[in-house]
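Here is the structure we will look at.
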Amino acid sequence: MCCCSGSRGRSHKTLPDESPQPAAGIIFTNGTHVLAAHQYKDGREIISGLGGKMELSDPTPYYTAVRETLEELFDIKPPVPLISYICADIQPIHTMATCGYINHQLSFDDLEQILLMVSRSQVISPIYPGGAVPTLNELIINRKAKNTSEVRALSILPISCAWFVDQNFMQDMRGIKR
């Protein structure tokens, strides 16, 4: 079921005027698959999207989505000029609001354009020791997340609302030598 029930509901902070503070994210997709973030929250591993809560200094929800996505992808505090450059140059294909959360849909090609922009900005990510990350594949494979990283891993998943991971496969993965 794809809806906001149970743990999928999102909480909001309140601004001084008591209006709810929105949260926003980016869904990168090619129409059949999405980029997924693997996070450790509340004592368990979850798979989610990229994004988070709007800060008072964020001018728009899309700005929030770009800032949060850069923070989670690269484990950095992104510079304002980089966020603004991305917001001006890459526009969402589609924007949707669900359960008080605003998602902006971008393509995998848009993501690779963002990777190029980050590389050109000379921002250094502590979780990509080799420097620039030019492709989606390298973004996933070369990631060296730290225990403190909000997003521990990235993966490409088929679009589906009926996920169930086979317990035998889970057991097989636990046996993989690292």
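The values are calculated or read from the model by the stated rules, or taken from the named source; none is laboratory data. The model shown is predicted, which means the values in this text are computed figures rather than measured ones. Cβ: placed from backbone, ideal geometry, glycine included. Neighbour counts: every protein chain shown.
Worth a mention:
- Restricting segment 34-80 to residues that are closer than 14 Å to Ile102 by Cα and among the hydrophobic types (A, V, I, L, M, F, W, C), the residue that is nearest to the chain's Cα centre (by Cα) is Leu50.
- Residues within segment 151-178 that are farther than 30 Å from Thr69 by Cα and not charged (D, E, K, R), tallied: 4
- Output for segment 23-33, where each listed residue is within 16 Å of the chain's Cα centre (by Cα) and either surrounded by fewer than 19 Cβ atoms within 10 Å (Cβ to Cβ) or in a loop (DSSP other than H, G, I, E, B) (or both): Asn30, His33
- Qualifying residue in segment 139-148 (condition: surrounded by 14 or more Cβ atoms within 10 Å (Cβ to Cβ) and of a type in the set (Ser, Thr, Tyr)): no
- Helices (runs of 4 or more DSSP H) contained in segment 73-178 and holding at least 3 residues more than 22 Å from Thr60 (Cα to Cα): 108-120, 136-141, 167-174
- Only a single criterion out of (1) farther than 19 Å from Leu154 by Cα; (2) touching a residue at least 40 places away in the same chain (Cβ under 8 Å) is not satisfied by Cys87, namely (2).
- Residues in segment 43-81 that are among the basic types (Lys, Arg) and surrounded by fewer than 17 Cβ atoms within 10 Å (Cβ to Cβ) were compared, and the one that is farthest from Leu116 (Cα to Cα) is Arg44.
- Among the candidates Ser155, Ser125, Ser84, Ser160, the residue that is under 25 Å from Lys41 (Cα atoms), at pLDDT 90 or above, among the small types (Gly, Ala, Ser) and surrounded by fewer than 16 Cβ atoms within 10 Å (Cβ to Cβ) is uniquely Ser155.
- His33 being touching a Pro at 6+ places or on another chain (Cβ under 6 Å) and modelled with pLDDT under 95: yes
- Contact annotation: residue pairs with Cβ atoms under 6 Å, 6 or more positions apart or on different chains, pairing a residue in segment 127-140 that is in contact (Cβ under 8 Å) with a residue 24 or more places away in the chain and farther than 10 Å from Leu116 by Cβ with a partner that is surrounded by 11 or more Cβ atoms within 10 Å (Cβ to Cβ) and aromatic (Phe, Trp, Tyr), are Leu136/Phe108.
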